[in-house]
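Only one structure is covered here, and it is reproduced in the block below.
The values are calculated or read from the model by the stated rules, or taken from the named source; none is laboratory data. Only a predicted model underlies this, so the values are computations on that prediction, with no experimental measurement involved. Please note: Cβ atoms are built from the backbone with ideal geometry, for glycine as well, and neighbour counts cover all protein chains shown. Calculation scope for accessible area: heavy atoms of the full protein, side chains included, ligands and nucleic acids excluded. Shrake-Rupley method; radii C 1.70, N 1.55, O 1.52, S 1.80 Å.
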Number of protein chains: 2
Amino acid sequence: MLAYVNPQSWALTLSTGVAHYWSRSRGKLWKKGEQSGNLQEVREIRVDCDLDSVLLKVHQVGEAACHTGYRSCFHRRLEGDGLVTDGVRVFEPERIYGSGR
Amino acid sequence: MLAYVNPQSWALTLSTGVAHYWSRSRGKLWKKGEQSGNLQEVREIRVDCDLDSVLLKVHQVGEAACHTGYRSCFHRRLEGDGLVTDGVRVFEPERIYGSGR
């Protein structure tokens, strides 16, 4: 998954050991898995050459990072003009988030 | 590596099969490896759940993606308050880009 980190979420990730992001769509701090329980326990933090992006290696609680229930947000590949879903689906999102999502 | 893609670089990536990005710092189209020769031959393109980021699986010509000469831009990990370089260095950047960089 790819997400935005701001100073507040970065500090919380470091102090708690579980991944926090900043939700730009909701305009609020986002503790990953706060609703689904699928927390991300940080195992390693890597930084890129110009220090403007970080790579978190995590233990993904619940085995799914994506709110759609797939292990990865990148569960579709481009093939011709279409998308083929070849990711692993771990849960049904309706059971976690309700039908309103 | 993480980079920005705009519609022009996306179209060129699809039509040529080698990765193109948009350099926000330079304000111009960026054919990856145009100077170093380290092109990225696209093997697979994956899209994320909300269709605002793409994951390119590539054959990295020259074995290094990073302009610092490392295989990965994420060649350093956080340890305590410091950074530890544990990536694989493939080339000396001075030999590729000259000393002005």
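Numbers at a glance
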| item | result |
| --- | --- |
| For A:Tyr21, distant residues with modelled amide H under 5 Å away | A:Trp30, A:Lys31, A:Lys32 |
| Debye, to nearest 20: dipole size of the protein assembly as shown, +1 on Lys, Arg Cβ, -1 on Asp, Glu Cβ | 240 debye |
| Whichever lysines have a C-alpha closer than 21 Å to that of A:Lys57, once near sequence neighbours (fewer than 8 apart) are set aside | A:Lys31, A:Lys32, B:Lys57 |
| Average partner coverage of B:32-45, which counts Cβ from other chains inside 10 Å | 1 |
| GNM flexibility winner over chain A from A:Leu14, A:Leu83, A:Leu39 (Cα, springs under 10 Å) | A:Leu83 |
| With DNA, RNA and ligands ignored, accessible area of B:Phe91 (1.4 Å probe; Å², nearest 10) | 30 Å² |
| Crossing angle, helix B:7-16 versus chain B [Cα axis fit, 0-90 degrees, rounded to tens] | 90 degrees |
| Gyration tensor (alpha-carbon) shape descriptor, the range B:1-56, a/c threshold 1.5 | oblate |
| Charge-dipole axis of the protein assembly as shown as Lys and Arg at +1 and Asp and Glu at -1 on Cβ define it, positive-most pick from B:Ser23, A:Leu14, A:Ser72 | B:Ser23 |
| Other protein chain Cβ atoms within 10 Å, averaged over every residue that makes up A:52-58 | 2 |
| Charge dipole of the protein assembly as shown about the Cα centre (unit charges at C-beta), most positive-ward option of A:Leu56, B:Leu2, A:Val88 | B:Leu2 |
| Distance between the range A:33-75 and the range B:21-99 - C-alpha centres, whole angstrom | 21 Å |
| Cα pair distances in the range B:29-101, grouped into 10 Å bins until the bin that holds the longest one, percent each | 18, 38, 32, 13, 0 |
| Residue-wise HN-Hα coupling along the range A:25-40, computed from phi with Karplus coefficients 6.51, -1.76, 1.60 (Hz; x: Gly, Pro) | 5, 9, x, 8, 4, 9, 7, 4, x, 4, 9, 7, x, 7, 5, 10 |
| Heavy-atom SASA rank of B:Ile45, B:Ile96 (probe 1.4 Å, accessible area, largest first) | B:Ile96, B:Ile45 |
| Net charge of neighbours whose Cβ lies under 14 Å from the Cβ of A:Cys73, counting Lys and Arg as +1 and Asp and Glu as -1 | +1 |
| Top of B:Thr13, B:Thr85, B:Thr68 by mean-square fluctuation, Gaussian network on chain B, Cα under 10 Å | B:Thr85 |
| Charged-residue dipole, Cβ positions (Lys, Arg, Asp, Glu), chain A about Cα centre, Debye nearest 20 | 320 debye |
| Within the protein assembly as shown, helix-based [θ] at 222 nm, where runs of 4 or more DSSP H residues each add -39,500 (n - 2.57), nearest 500 | -4000 deg cm²/dmol |
| Protein heavy-atom accessible area occluded, A/B pair - total, 1.4 Å probe, Å² | 2000 Å² |
| Shape metrics for the protein assembly as shown, restricted to C-alpha atoms - Rg then Dmax, Å | 18.4, 58 |
